[in-house]
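Written below as structure tokens is the structure these notes are about.
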Amino acid sequence: MIRVTRLNGEQFALNPDLIERVEGHPDTVVFLVDSTKYIVTESVDEVLQAIREYRASILATSYEMDRGEYRPGRPELAEISSVVPFPGTEER
């Protein structure tokens, strides 16, 4: 999820996988695939950067999980979390 801000200052999280396009009119408008649109205070470039960072974080977490290096934010979950390696990624 990415965090964006409505014109009234209220922040909310938005699933970037549902974004169809982002336009700057002068206000930035985020259009979703279901025809919903949001006007946000962030610029088009800021929204695109947030999407890039979100997707990069997913890839980085997947990489850590594949290597057995991933540790969730809560220590008690680390003991019950089991990561199954991707096929063909045995110890190198």
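The values are calculated or read from the model by the stated rules, or taken from the named source; none is laboratory data. Note that this is a predicted model, so its numbers are computed, not measured. Don't worry about glycine lacking a Cβ; one is built from the backbone with ideal geometry, like all the others, and counts go over all protein chains shown.
From the set of residues in segment 52-92 that are of a type in the set (Val, Ile, Thr) and either modelled with pLDDT of 80 or more or not in a helix (DSSP H, G or I) (or both), which is nearest to residue 18 (Cα to Cα)?
58
Considering only residues of segment 1-19 that are more than 10 Å from residue 38 (Cα to Cα) and not in a strand (DSSP E or B), which is nearest to the chain's Cα centre (by Cα)?
1
Take segment 1-23 and flag every residue that is within 23 Å of residue 56 (Cβ to Cβ) and of a type in the set (Gly, Ala, Ser).
13
Can you name the residue in segment 25-46 that is closer than 11 Å to residue 6 by Cα and not hydrophobic (A, V, I, L, M, F, W, C) and is also surrounded by the fewest Cβ atoms within 10 Å (Cβ to Cβ) among such residues?
27
Return the pair list, or none, for Cβ contacts closer than 6 Å from residues in segment 38-67 that are closer than 16 Å to residue 11 by Cβ to residues that are of a type in the set (Asp, Glu), at least 6 apart or on different chains.
39/27
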